[in-house]
Amino acid sequence: MATGRGRHGAGPVGALARRTFRDARIRTISFAYLFAVASMLNPFSYRHTYSTLAERLAFADSFAHNKAVVLFYGRAYDLLTVGGYSAWRTGGILAILAAIFGLLAGVRALRAEEDAGRAELVLAAPVTRGTVYAGAIAGIAAGAALLWVAVLAGSVIGGLAAGGSAYLALAIVSMVPVFAGVGALASQFAPTRRMALELGGAVVVLSFLLRTIADTSGSLGWLRWATPLGWAEELRPFTGAQPLVLLLPIAASVLTLLGAWRLAARRDVGAGLLPARDSADPRLRLLSSPTAQALRRELGSLTVWLTGVGAFALIVGVISKSISSAGISPQLQREFAKLGEGSIVTPHGYLAFSFSFFVLVASLFSCSQIAAARHEESEERLETLLALPVGRRRWLTGRLALASGGAIALSLVAGLLAWLGAATQNVAPTLPRMLEAGVNCLPVAILFLGIAALAYGLAPRAAAGIAYGLVTVAFLWQLIGSLLGAPKWLVEITPFAHVASVPVQSFRAGAAAVMVAVGLLAAVAALAAFGRRDLTGA
Amino acid sequence: MSTPTPAISTEGLTKRYGATLALDALDLTVEPGEVYGYLGPNGAGKTTTIRLLLGLHRPSAGRAELFGVDAWGDPVRAHERVAYVAGEPFLWPAMTGGETLEFLGRLHGAVDVEYRDQLVKRFQLDTRKKVRALSKGNRQKVQLVAALATRSDLLLLDEPTTGLDPLMELAFRESITEAKERGQTVFLSSHILSEVEATCDRVGILRAGRLVDQGTLVELRHLSAQTIEVTFAGPPPKLDSLPGVEVASAGPETLRFEVAGEVGPLLDELAGQPVRSLTSRQPSLEEIFLHHYDSSDGLVDSG
């Protein structure tokens, strides 16, 4: 509206856009950094690893059409050029991350603000809902632009042509407005931030599953057109670009964002179109202790973690059957070993390779639990608890026990369902062997749980960032280090380097014991540090 | 007979947040059975005091004890005889009011269930509603009921009536009176003078982290003037000057007096005059504060 314009130069849309961008700046910058690094490393490592055409041909022939790899990275169109390889490796994974980014940004700007009651404050100013909505979208667009620049810069530094890089970046970042639109729609339906994320998250997972099915099965390739993540592939950067496909994400973004806007303009501020269940019969289970109540609160997200990990483990198990080493030279297999994906060409090797990701997932779960504990404190509910005869150490010990229990459940579910999937295809690993692969995820998870807890004890506000950051760096450390041929001792600083590739190798009890011991020590230090500091609000 | 252990006692209790001195050497004693009003404007250090009393924040210097138990050193034992109501109701959005009451009650250990049901009725609380669907005042009621139902020896209340409507404020006062009759100690942090006046035996005034005065309300009021406005049938008469009475302003038919201390002499003086109406106003908290501010040099800090 004209009323607010001119006071701050840019007017209310500009002010609101800046607000949205600032709210999400840490996430945006983290994503941009990750996007830039990934875009730079892929062309660099490909040129380094497969320098001759013969190597590239062999690689293309065997590796990229391996279903296992396609599952994670998407379909490849051309693996003989640096650009084609990069588009496949960078684009496949970053498109998913861009989708997640878009969803988080959409829900953050359009539901979380309302959930927290701040939207009312903004709307009480002389601005229309349209202005507020436009401001939020503009803020998200600014974040997307930053990601685009990050991919472009990374790719160009990595040695790709500027024009192609810009197009690749566009293909990846086109997922942001599409899924911001999904987030915006979910925000209209769901009355709470959490529910909006769940709805939108389901769409992301569905899109990913559709892409997986389309990419891994010959006959269902047309399904690629049914998922936004498939559109990103069909844009085919560096491999016969199809820029007309861009109309699809553009149309989807416009439709979802306009649709969400129409809904937003009609409904009550603070409410969702889906009814919130505001009244309920009392459920008195799990109220006997702070830990029991924390479990009660976390049950929902724990179910999501378990379902996600379980579903993925099942797919991994089923697919492991189709992995074979036919036609791959021993020399090339040695090259794969450099990628840290040593024996991927056998079913067992593939399972071991997949479980290296579950190690990461279990560690991220640890971080999420510490973040949840911190959330309880930043929302000052912890103050409510600790004003009762509840000891701080008892509370934090309970949260850590809960996190450990969750990690154990996660690991066992991964092992069990991977075994189940493999068993349906008559692949050999025994159940104890696959449970061992699951348990193999635990020592690192416990280690990072202890470290995250220590960060929480010492620097509560920064704890979640430190924890997630450390896990990410530690995981990429090994991958990047071995790609660049860094000295062995340097690569092996990261705990991920000391995890055995179960079921190919056996569980390394010694390394595991050291990691668990360090984790426990860190947890003890965390309890001491937490016992000595002030409770800290948001 | 030895004197009973105070419900609250602090010695030189000090808290710094970085460069900010939030609480400056507080010495405070609240005896069992006393209802103590803790007054101060926003940011004076009331909430800081309560967080230190609960051992949620660590004293920079000095110590705080609840019934002789160190609040920072042994918070669990200290809290066994305490119930707390925070200024902001920070509860779990997905739990219903009833579930919250049950949960907090179980954590506390002792709950008078019959009294709790009575309180739920008194405060007209819908226990089936989820916390996220409750207004701020209703969330505040959940906290209040949970705390009162424990019948704890000490109630620590941090601006407990923010968000309550006048009817509920009455219910709150009734509950405090009941607590007092049962011999419970109440520490009521507030900036609402009428509430403190209606419920408290003794009052402490906090300004910028320092306890600038403490005593019964009558004692405090003696230190500052109350305003009396008189409207006459016709022009105001000329009155003899009285000790402690000052004419603050004069209108065509009105006089406004500032009276420090007893109003009796002024009323005697007015008795023979054509007074049409007379209103008197107690000094507001703000005025008492201004008084403290103006004469802070002459006041002896209790610290």
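Data for the structure
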quantity	calculated
Identity of the residue in the stretch B:233-288, basic (Lys, Arg) and touching a residue at least 12 places away in the same chain (Cβ under 8 Å), that ends up surrounded by the most Cβ atoms within 10 Å (Cβ to Cβ)	B:ARG256
Unmet requirement for A:VAL107, which otherwise passes all of (1) touching a Ser or Thr at 6+ places or on another chain (Cβ under 6 Å); (2) more than 23 Å from B:PRO93 (Cβ to Cβ); (3) not charged (D, E, K, R)	(2)
Meets criteria (touching a Phe, Trp or Tyr at 6+ places or on another chain (Cβ under 9 Å) and surrounded by fewer than 16 Cβ atoms within 10 Å (Cβ to Cβ)) for A:LEU470	no
Count - residues of the stretch B:144-171 that are in contact with a Ser or Thr (Cβ under 7 Å, 6 or more places away or on another chain), surrounded by fewer than 24 Cβ atoms within 10 Å (Cβ to Cβ) and in a helix (DSSP H, G or I)	1
Residues of the stretch B:79-117 classified as part of a helix (DSSP H, G or I) and in contact with a Pro (Cβ under 8 Å, 6 or more places away or on another chain), total	6
Test: residue in the stretch B:94-103 that is under 19 Å from A:LEU535 (Cβ atoms) and surrounded by fewer than 18 Cβ atoms within 10 Å (Cβ to Cβ)	no
Count of the stretch B:233-266 residues which are under 21 Å from B:LEU220 (Cβ atoms), assigned to a strand (DSSP E or B) and among the small types (Gly, Ala, Ser)	2
Matching residues, the stretch A:159-176, being closer than 25 Å to A:HIS48 by Cα and either over 20 Å from the mean Cα position of the chain (by Cα) or among the acidic types (Asp, Glu) (or both)	A:GLY159, A:LEU160, A:ALA161, A:ALA162, A:GLY163, A:GLY164, A:SER165, A:ALA166, A:TYR167, A:LEU168
Scope the stretch A:267-288; condition small (Gly, Ala, Ser) and either more than 10 Å from every other protein chain (Cβ to nearest Cβ) or assigned to a loop (DSSP other than H, G, I, E, B) (or both); matching residues	A:GLY270, A:ALA271, A:GLY272, A:ALA276, A:ALA280, A:SER288
Members of the stretch A:247-286 that are of a type in the set (Lys, Arg) and free of Cβ contacts under 8 Å to residues at least 60 places away in the same chain	A:ARG262, A:ARG266, A:ARG277, A:ARG283, A:ARG285
Test: residue in the stretch B:21-44 that is surrounded by fewer than 23 Cβ atoms within 10 Å (Cβ to Cβ), within 9 Å of chain A (Cβ to nearest Cβ), among the hydroxyl-bearing types (Ser, Thr, Tyr) and more than 27 Å from A:THR291 (Cα to Cα)	no
B:ASP158 more than 30 Å from B:LEU266 (Cβ to Cβ), charged (D, E, K, R) and within 14 Å of chain A (Cβ to nearest Cβ)	yes
In the stretch B:76-88, residue nearest to A:HIS375 (Cα to Cα) [restricted to those that are surrounded by 20 or more Cβ atoms within 10 Å (Cβ to Cβ) and without any contact (Cβ under 8 Å) to a residue 60 or more places away in the chain]	B:HIS79
Check on B:SER189, within 14 Å of another protein chain (Cβ to nearest Cβ), touching a residue at least 60 places away in the same chain (Cβ under 8 Å), farther than 24 Å from B:ARG281 by Cβ and surrounded by fewer than 24 Cβ atoms within 10 Å (Cβ to Cβ)	no
Any hit, the stretch A:143-158, residues being more than 23 Å from the chain's Cα centre (by Cα), surrounded by fewer than 18 Cβ atoms within 10 Å (Cβ to Cβ) and assigned by TED's automatic domain parsing to the domain that holds A:TYR46	yes
Those residues of the stretch A:389-420 which are closer than 22 Å to A:ALA529 by Cβ and within 14 Å of chain B (Cβ to nearest Cβ), in sequence order	A:VAL390, A:GLY391, A:ARG392, A:ARG393, A:ARG394, A:TRP395, A:LEU396, A:THR397, A:GLY398
Candidate set: the stretch B:48-78, residues that are under 21 Å from the mean Cα position of the chain (by Cα) and assigned to a strand (DSSP E or B); chosen: the one farthest from the other protein chains (Cβ to nearest Cβ)	B:GLU65
Tally, over the stretch A:490-538, of residues that are in a loop (DSSP other than H, G, I, E, B), more than 14 Å from A:LEU442 (Cα to Cα) and either of a type in the set (Ser, Thr, Tyr) or at pLDDT below 90 (or both)	10
Within the stretch A:153-168, tally of residues that are of a type in the set (A, V, I, L, M, F, W, C) and in contact (Cβ under 8 Å) with a residue 60 or more places away in the chain	5
Some residue of the stretch A:188-205 being surrounded by fewer than 20 Cβ atoms within 10 Å (Cβ to Cβ), in a helix (DSSP H, G or I), at pLDDT below 90 and in contact with an Asp or Glu (Cβ under 9 Å, 6 or more places away or on another chain)	yes
All positions within the stretch B:41-63 that are on the phi > 0 side of the Ramachandran plot and either modelled with pLDDT under 95 or touching a Cys at 6+ places or on another chain (Cβ under 9 Å) (or both)	B:GLY43, B:GLY45, B:GLY55
Selection from the stretch B:118-140 of residues that are in a helix (DSSP H, G or I) and either within 13 Å of chain A (Cβ to nearest Cβ) or at pLDDT below 95 (or both)	B:VAL120, B:VAL131, B:ARG132, B:ALA133, B:LYS136, B:GLY137, B:ASN138, B:ARG139, B:GLN140
Conditions (1) more than 13 Å from B:LEU53 (Cβ to Cβ); (2) outside any loop (DSSP other than H, G, I, E, B); (3) free of Cβ contacts under 8 Å to residues at least 60 places away in the same chain; number of the one not met by B:ASP27	(3)
Where B:ARG81 falls short, out of the listed (1) modelled with pLDDT under 95; (2) away from chain A (no Cβ under 11 Å)	(2)
Residue among A:SER354, A:SER325, A:SER366 that alone is modelled with pLDDT of 85 or more and either more than 14 Å from every other protein chain (Cβ to nearest Cβ) or surrounded by 22 or more Cβ atoms within 10 Å (Cβ to Cβ) (or both)	A:SER366
Qualifying residue in the stretch B:58-72 (condition: crowded, with 20+ Cβ neighbours inside 10 Å and of a type in the set (Gly, Ala, Ser))	yes
Test result for A:LEU244, in contact with a Pro (Cβ under 9 Å, 6 or more places away or on another chain), free of Cβ contacts under 8 Å to residues at least 24 places away in the same chain, farther than 23 Å from B:LYS129 by Cβ and not charged (D, E, K, R)	no
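The values are calculated or read from the model by the stated rules, or taken from the named source; none is laboratory data. Fair warning: this is a prediction, and the values are worked out from it, not measured in the lab. As a convention, Cβ positions derive from the backbone with ideal geometry for all residues, glycine included, and neighbour counts pool all protein chains shown.
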